[in-house]
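For reference, the structure discussed in these notes is given below.
The values are calculated or read from the model by the stated rules, or taken from the named source; none is laboratory data. Note that this is a predicted model, so its numbers are computed, not measured. Cβ sites come from the backbone with ideal geometry, for glycine too, and all protein chains shown count toward neighbours. All accessible areas refer to the heavy atoms of the entire protein, side chains included, with ligands and DNA or RNA removed. Shrake-Rupley method; radii C 1.70, N 1.55, O 1.52, S 1.80 Å.
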Amino acid sequence: MAISQLRNSRLPLMNLVRMNGVPIIQQLHLEEKLLRTSPENWCIINDGTPDPTVVMGISGKAAELLDVNSVLRDKISVIKRFTGGGTVIVDHGTIFVSFICNKEAVPGLQAYPQPIMAWSSLLYDEVFRGSEDYRLRENDYVFGSRKFGGNAQSITKNRWIHHTSFLWDYEDANMTYLKIPQRAPKYRQAREHSEFICRMKDVLPRSEFIHRTIKAAETHFSLTSIPLDQIESLDSTKFNPSSKILTTEELEATIQKEDDSLLSQSL
């Protein structure tokens, strides 16, 4: 047996699912189902989502985080996902990478938010080796002081998910749908989006990033590629996902609540 084969045989098993342009709501539903019903470890890579979509964390409030009037005017979909974390707008220029693991999958790793975040940062150290100023700052991946990767997590009794939206590219106009959040990371220093984020494409080609991410995952897990349609055809477990697209009525209601709050403050 080759040395590389022997090493891989000692690593925990992980299923790799590569997707291209799957809608982010479909990806979130799949991830939550795998987190809550599968006993296996998974890595999900989705290269882009078709339409610009705002994705908020489970506790996100649209009125505080979005220019809701502009979102409604331009018919931008807004999703409330099943994990925590901040608000992002994603599209075909976003690359999504998710790790769904049993608590014992990574030896010595405590299944709490910061240890998982630190572990993920070390994995991406392998991806961005040679790239200038890559680091984890608070809960973001940055080059220098500019964010290019936002993270979110959910931790259950026996499993956890850590997923990331990487800004390989983005449309400047789409960032105007987002407000500066009240609970922003300290290093942001109240900077506007244009001064706070950066494009990963200026550092690494798209296909090379995905290739390096898979290679980095292979240093921690023994990977087996599984097509998306195979998961969907084999798993008949009934599951009701909690990530959902907010309706127009729900978004309009947030505007009304904000107006009522401003009115009461002025009286």
Point to revise | Among (1) of a type in the set (D, E, K, R); (2) within 16 Å of the chain's Cα centre (by Cα); (3) open to solvent by 30 Å² or more (accessible area, probe 1.4 Å) - the single one Asp67 does not satisfy | key: (2)
Revision key, fill the gap. Among residues of the stretch 40-64 being out of contact with any Pro (no Cβ under 6 Å at 6 or more places or on another chain) and among the hydroxyl-bearing types (Ser, Thr, Tyr), the residue least open to solvent (accessible area, probe 1.4 Å) is Thr53
Exercise for review: Could you look through the stretch 121-142, keep only residues that are of a type in the set (Ser, Thr, Tyr) and assigned to a strand (DSSP E or B), and pick out the one that is surrounded by the fewest Cβ atoms within 10 Å (Cβ to Cβ)?
Suggested key: Tyr134
Review point. Does any residue of the stretch 138-146 turn out to be closer than 25 Å to Met19 by Cβ and in contact with a Phe, Trp or Tyr (Cβ under 9 Å, 6 or more places away or on another chain)?
Key: yes
Exercise for review: Among the candidates Leu204, Leu223, Leu251, single out the residue that is modelled with pLDDT of 90 or more, in a loop (DSSP other than H, G, I, E, B) and surrounded by 13 or more Cβ atoms within 10 Å (Cβ to Cβ).
Suggested key: Leu204
Review point. Hey, among the residues in the stretch 25-39 that are closer than 15 Å to Thr94 by Cβ and of a type in the set (A, V, I, L, M, F, W, C), which one's most open to solvent (accessible area, probe 1.4 Å)?
Key: Ile25
Revision key, fill the gap. In the stretch 184-200, residues that are surrounded by fewer than 16 Cβ atoms within 10 Å (Cβ to Cβ) and part of a helix (DSSP H, G or I) total 4
**Study point:** Condition broken by Pro181, with the remaining ones in (1) closer than 20 Å to Val55 by Cβ; (2) modelled with pLDDT of 95 or more satisfied
**Key:** (2)
Practice item. For Asp125, work out the one condition from (1) out of contact with any His (no Cβ under 6 Å at 6 or more places or on another chain); (2) touching a residue at least 24 places away in the same chain (Cβ under 8 Å) it doesn't fulfil. Key: (2)
Revision key, fill the gap. Scanning the stretch 147-183 for residues that are over 15 Å from the mean Cα position of the chain (by Cα), among the β-branched types (Val, Ile, Thr) and open to solvent by less than 50 Å² (accessible area, probe 1.4 Å) gives Thr156
